[in-house]
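Student: One structure is given below, represented as structure tokens, and several questions about it will come after.
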Amino acid sequence: MLMVSIGWMPQDGTNPQLTRIRIQEYGKDSVVMTFRADRTITQWQKPSLEGGIVVVRFPGVARSSAIAIDSSVTQLSSSVIRGILVERIRPKFVPVAAAARRDGPRDIVVVIRAAGTTPRPPDEKKSNDAWALDVIVLDPGHGGVDVGAISVNGAYEKNITLAIARLVRDKLKKAMPKTKVMLTRDSDTFIELYRRGQIANESGGKLFISIHCNSMPNKPHPANGCETYILRPGRNDDATRVAARENASVRFEQSQDRYAALSEDQLIVATMAQRSFVRLSEELARHIQKEVSASTGLKNRGVNQAGFFVLVGASMPNVLFETAFLSNSADAKLIESPSGQESVAQALVKAIQRYARTYSTLLDQ
Ligand SMILES: [Zn+2]
């Protein structure tokens, strides 16, 4: 069983307060806890293992009376024992190592690894290479005969997605010179949705980002902002609408039979096949939303989920990013302008770098 003891100071009215703890599982052998405070955390200690209990101490930090615990871990029970919050996470999880790092001024991330669940292969180097974030695949939505959505000004989604993907590639090459960046298309050509995931798999991709623009059926329309999707059955009408619009690209394909069977049930099976990296996809999606909305001022519509054909075949963490609404005049103006595309691309690079840091931390423990 994993038990985590979290130590903090009494409130004195001046110290920062922990407001949120986020607990996530990564695969079978890692649990990641993110501690967020209302202000900069200046002091935190390296977590220690004391009698099988992971101890995390925050000197100078108090606990907010309204601390929120946000957890994807199913077997979780929290209790406050003599002022110490003890989390019991997963009965078979025996912690062997814990490390902490800062992620921005207010977040401290603690990664805890378990023993015995999935032992590392003896060839450590090789195993790391297999996971290293060495190839990133960017997928500019639509292309050729499939123009995608058309903006209030008459601009085509296919051209905007390609322009942004190229900018991201060029910036990534500078920001992450060791990483190879691939585009599923680098010209105005039509590529089948299934083929895009295949291209990513064949090039050994470790991350797949499909770039799109949102749109409402009636223009102009007040709906605005950016949103990032992960592959899971649609949770609401809005998400289902977006997936239906993006999936409609298959009408340009020769053989549509391959998609016909992707009913809700089969989608659940497809998403189960992606279970091992859904957490990482979510992680990237959160970073994208945060960075893009901060740098462009686009409304943050959050991370959503739906069944996108283009994501089903990509065997790696993957997201579909809807940059902005072409049916909204202000959004369209921004996303059609070179400066708007530049800031979206810059934000995507930042999000990928943030993701890469989390990813390498998980591998290095
Ligand atoms: Zn699209």
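Student: For the list (1) among the basic types (Lys, Arg); (2) under 20 Å from residue 243 (Cα atoms); (3) in contact with an Asp or Glu (Cβ under 7 Å, 6 or more places away or on another chain), I need the number of the one condition that residue 219 fails.
Tutor: (3)
Student: Please count how many residues of the range 239-251 are surrounded by fewer than 16 Cβ atoms within 10 Å (Cβ to Cβ) and touching a residue at least 40 places away in the same chain (Cβ under 8 Å).
Tutor: Total satisfying the criteria: 1.
One line per residue, one yes/no per condition, for (1) modelled with pLDDT of 55 or more; (2) in contact with a strand residue (DSSP E or B) (Cβ under 7 Å, 6 or more places away or on another chain); (3) part of a strand (DSSP E or B); (4) among the acidic types (Asp, Glu):
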| residue | (1), (2), (3), (4) |
| --- | --- |
| 54 | yes, yes, yes, no |
| 58 | yes, yes, yes, no |
| 70 | yes, yes, yes, yes |
| 92 | yes, no, no, no |
| 109 | yes, yes, yes, no |
| 112 | yes, yes, yes, no |
| 119 | no, no, no, no |
| 126 | no, no, no, no |
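Student: Let me ask another. Looking only at the range 1-42, count how many residues are hydrophobic (A, V, I, L, M, F, W, C), within 16 Å of residue 59 (Cα to Cα) and surrounded by fewer than 17 Cβ atoms within 10 Å (Cβ to Cβ).
Tutor: 1
Student: What residue, of 196, 235, 166, is touching a strand residue (DSSP E or B) at 6+ places or on another chain (Cβ under 6 Å) and away from the ligand (no atom under 16 Å from the Cβ)?
Tutor: Sole residue among the options that is touching a strand residue (DSSP E or B) at 6+ places or on another chain (Cβ under 6 Å) and away from the ligand (no atom under 16 Å from the Cβ): 235.
Student: Restricting to the range 313-332, what's the tally of residues that are within 25 Å of residue 203 (Cα to Cα) and more than 16 Å from the chain's Cα centre (by Cα)?
Tutor: Of the residues in that region, 1 qualify.
Student: Now for a separate question. For the range 199-232, which positions are charged (D, E, K, R) and within 16 Å of the ligand (Cβ to nearest atom)?
Tutor: 219, 227
Student: Another question about this same structure. Anything in the range 198-228 that is in a loop (DSSP other than H, G, I, E, B), among the hydroxyl-bearing types (Ser, Thr, Tyr) and touching a Leu at 6+ places or on another chain (Cβ under 8 Å)? List them, or say none.
Tutor: Result: 215, single match.
Student: Identify the residue in the range 128-163 that is among the small types (Gly, Ala, Ser) and at pLDDT below 95 and, among all such residues, is farthest from the ligand (Cβ to nearest atom).
Tutor: Looking at the filtered set, the residue picked out is 130.
Student: In the range 316-347, which residues are within 23 Å of residue 181 (Cβ to Cβ), buried (at least 17 other Cβ atoms within 10 Å of the Cβ) and either outside the structural domain of residue 138 (by TED's automatic domain parsing) or more than 16 Å from the ligand (Cβ to nearest atom) (or both)?
Tutor: 316, 317, 340, 343, 345, 346, 347 - these are the residues of the range 316-347 that are within 23 Å of residue 181 (Cβ to Cβ), buried (at least 17 other Cβ atoms within 10 Å of the Cβ) and either outside the structural domain of residue 138 (by TED's automatic domain parsing) or more than 16 Å from the ligand (Cβ to nearest atom) (or both).
Student: In addition: Among the residues of the range 290-312, is any assigned to a helix (DSSP H, G or I) and under 17 Å from residue 24 (Cβ atoms)?
Tutor: For the range 290-312, residues assigned to a helix (DSSP H, G or I) and under 17 Å from residue 24 (Cβ atoms): present.
Student: Restricting to the range 205-222, name every residue that is modelled with pLDDT under 95 and exposed (fewer than 15 other Cβ atoms within 10 Å of the Cβ).
Tutor: Selection gives 217, 218.
Student: Within the range 188-222, how many residues turn out to be under 16 Å from residue 141 (Cβ atoms) and of a type in the set (D, E, K, R)?
Tutor: So the count comes out to 4.
Student: Right, next: Looking at (1) crowded, with 17+ Cβ neighbours inside 10 Å; (2) modelled with pLDDT of 75 or more; (3) of a type in the set (A, V, I, L, M, F, W, C), which is the one condition that is false for residue 49?
Tutor: (1)
Student: Please work out which residue is farthest from residue 318 (Cα to Cα), limiting yourself to the range 193-204 and to residues that are of a type outside the set (A, V, I, L, M, F, W, C) and buried (at least 20 other Cβ atoms within 10 Å of the Cβ).
Tutor: Among those that are of a type outside the set (A, V, I, L, M, F, W, C) and buried (at least 20 other Cβ atoms within 10 Å of the Cβ), it is 196.
The values are calculated or read from the model by the stated rules, or taken from the named source; none is laboratory data. Predicted, not measured: the structure shown is a model, and the values here were computed from it. So basically every Cβ, Gly included, is an ideal-geometry build from the backbone, and we count neighbours across all protein chains shown.
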